[in-house]
1. Order of 354-365, 314-325 by packing, highest average Cβ count within 10 Å first?
2. What order do you get for 55-65, 234-244 when each peptide is scored by the mean count of other beta carbon atoms within 10 Å, highest first?
Amino acid sequence: MHWLRDPQRDSREDIRAAQQALVYAGYPHGDAVTEVATHLHRLRAALAAPRHAMLAGFLTGAGMAVGFFLVLTLALGGLGVVMGTLGDSGTPTEFAPAAAPAPQAGSSPSSPLGILPAVAVAAPVLGLAGVGMSRVTRNRWRRAGVLQTFVDLRPRRRYLLETAVVWLAVAGLIVLIVWALAGPQLGATVAQMLAFFGIPVGASAFAAWFPKMYAWILPRVSPVDAAAAARPIIEREAARQIKTERDFYGASGYDRTAYDRNRWANAILGAEPEGYFAEAQRREDRARDIARRSGSYSYGISGPRRLARYALIAGVTTGVAWLFIQRLAWIMRPFDSSDIGPEVGVVALLLGLLLGLGLTWLYARYFEAL
């Protein structure tokens, strides 16, 4: 199929030139190929027209929904075949000829056609999630400076907040749809289970798989030549690195003349309108700014503010886990009991506190300085 083939939007000559520039700068060839490919994905996500990015995001989200239900159908079908073959006793049973079942007017929920309503609902909902994530990805790399630099990217954690906003909207839509389709009584229980467990797990899986699928679909929708935009950025950064090393180490008998890197770097830097030294000062100021801002999240704050942050994380996590465990215990209670004892609340509180302290420790140990 033509659409499934690689459209090769990027100029091969520009790709080779960018890879050669990184080799001049001292990158191994394999690392140069990987770095250029990664930068092309980021640059294309930042340069794609909004309508192309939204279409690629919608196709990515809808495709993930269809793929998930297809895998689920195949897994359930295979499990049904295995259970039918083994029978109730767990040993293989002999197949006996039986009369053909009477045709039914509609498809049962266990048949492959029974998941079509779920696919029809999930595909556009996850497609909307993909549209939001495409916008988040575009803003993330534009703010990081991917259109101006290859080395001095300025990471921002604002995209995490934008991702949370997108998934809050999608979660609200999912809960409303489930509530409307399942009825008021069953819908309330299912909606709560989705809100506390199903949607967070699904959002995590979606966030993990979305970037690769989006990077594969976007070139088939957007005609942007990312290599033409990436080549001058990478060549400029590589030439500056070469001159920095040459100024630091000085001239030598070897000086890596096998790659003719010095003459190439001089040609690239000679075309810069600002000059190398002004750009070097700008990069030094930016490095100090990044170090100052990144340090303010952990080592630059006072002890009371850090303890208040830890207390907020632990308290919110403990409260949410306590409510969820109590609700789960109420749902799983025996039908002949009208209420649950106070000991369940105590156990739920202890488990929630344990989870809150564990999450706070993980945040302080691994994520605070990001």
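1. Details: 354-365: 15.1, 314-325: 17.4.
Descending packing order for the listed peptides: 314-325, 354-365.
2. Working: 55-65: 23.4, 234-244: 21.4.
Ranked by mean Cβ neighbours within 10 Å, highest first: 55-65, 234-244.
Here, each number is a calculation from the coordinates, and none is a lab measurement. In this text, all values refer to a predicted model and were calculated from it rather than measured experimentally. Every residue, glycine as well, gets a Cβ built from its backbone with ideal geometry; the counts of neighbours run over all protein chains shown.
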